[in-house]
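S.K.: My structure is below; once you've seen it, I'll send some questions.
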Amino acid sequence: MPTIVHEFAWPDRVVVGTVGLPGSRTFYLQVRTGTQIVSVSLEKQQSALLAEKIDEMLDQLMSHEGNPFSIPTKTPVELVDNEPLDQPVMEEFRTGAMSLGWDPSTVQVVLEAYPVVEVDPGIDDVLDEDLLDAIMVEPTEMLQVRMPVGTARAFAKRTREVVGAGRPLCPLCGNPIDPDGHVCTLPGSP
């Protein structure tokens, strides 16, 4: 069966947002062009790493002599998006693997997200790793988003803010503090 590709070449909007309260939030990567909206869930850590890697990529491209791609150093004010996710949020799939690339012909960051691959329990006990790799099937779906550099910079900034808006961290052990309290895991703490 061919892979269903949700492709967004020049999206109107691409953001990471959340549904739920801090401590039990679900993170979504949401993309919209016109009336077409696709939302895929991802982990908080995936969101944070994605923002970090996009900024690293843009900073590296910006350091080329003369900044040939006109990479902005900061988020262009006109591209700041602090609006909530478009409703209703309907999860297309839960993200497993992601890839990040650069297309110099269109001066766009290319993000691809693939669903979590479910393997039958115990199959890896029966098959060796080489054989398991050989029988891996194509993903049933994928999301491909091509973002201009300003949009990518804005996406990374917003994503860092969304990730950082969770529960406050304990100054002693660094673990999140729940609304109903916290037991510090640092030895010798009160």
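S.K.: Based on the Cα coordinates of the chain, what is the per residue volume of their convex hull in Å³?
M.R.: So the per-residue hull volume is 204 Å³.
S.K.: Just to confirm my numbers, what's the Cα centroid distance between segment 138-190 and segment 25-67 in Å?
M.R.: Their Cα centres are 13 Å away from one another.
S.K.: Highest GNM mean-square fluctuation, the chain, Cα pairs closer than 10 Å: which of LYS53, LYS157, LYS44?
M.R.: Taking springs between Cα atoms under 10 Å, the residue moving most is LYS53.
S.K.: Let me check against my output: what whole-number percent is the relative contact order of segment 4-164, with C-alpha pairs under 8 Å and at least 6 apart?
M.R.: Answer for segment 4-164 is 33 percent.
S.K.: For the chain, with only Lys/Arg (+1) and Asp/Glu (-1) charged at the beta-carbon, what is the dipole magnitude about the Cα centre, in debye rounded to 20? Mind showing how you got there, number by number?
M.R.: Details: 13 positive and 29 negative charges, 233 e Å.
My answer is approximately 1120 debye.
S.K.: Right, another one. Just to be sure I understand: of the beta bridges DSSP finds with both ends in the chain, what percent are antiparallel, rounded to 5?
M.R.: Here the share of antiparallel DSSP bridges comes out near 80 percent.
S.K.: On to the next question. Nearest 5 is fine: what % of DSSP beta bridges in segment 2-105 come out antiparallel, could you say? Intermediate results must be reported in sequence, preceding the final value.
M.R.: Details: 14 of 16 bridges.
About 90 percent, rounded to the nearest 5.
S.K.: Here is a follow-up. GNM on the chain, C-alpha springs below 10 Å: top fluctuator among GLN46, GLN87, GLN60?
M.R.: GLN87
S.K.: Considering only ASP59, ASP103, ASP178, give the residue with the highest GNM mean-square fluctuation for the chain, with springs between Cα atoms whenever their separation is below 10 Å.
M.R.: In the Gaussian network model the winner is ASP178.
S.K.: Along the Cα-to-C-beta direction of VAL116, a point sits 7 Å from the Cα; which residues of segment 82-98 have their amide N less than 12 Å from that point?
M.R.: Under cut-off, by backbone N: 93-97.
S.K.: Only helical DSSP H runs with n ≥ 4 go in: add -39500 (n - 2.57) per run for the chain, normalise by residue count and round the 222 nm mean residue ellipticity to 500 deg cm²/dmol.
M.R.: So the helix-based figure for the chain works out to -7000 deg cm²/dmol.
S.K.: Can you tell me which of 159-166, 28-35 comes out highest on packing, and rank the rest after it, using the mean Cβ neighbours within 10 Å?
M.R.: Values: 159-166: 16.0, 28-35: 17.6.
Top of the packing list down: 28-35, 159-166.
Read-outs throughout are calculated quantities, based only on the coordinates presented, and are distinct from any laboratory measurement. Please read all numbers here as calculations on a predicted model, not as lab measurements. Every residue, glycine as well, gets a Cβ built from its backbone with ideal geometry; the counts of neighbours run over all protein chains shown.
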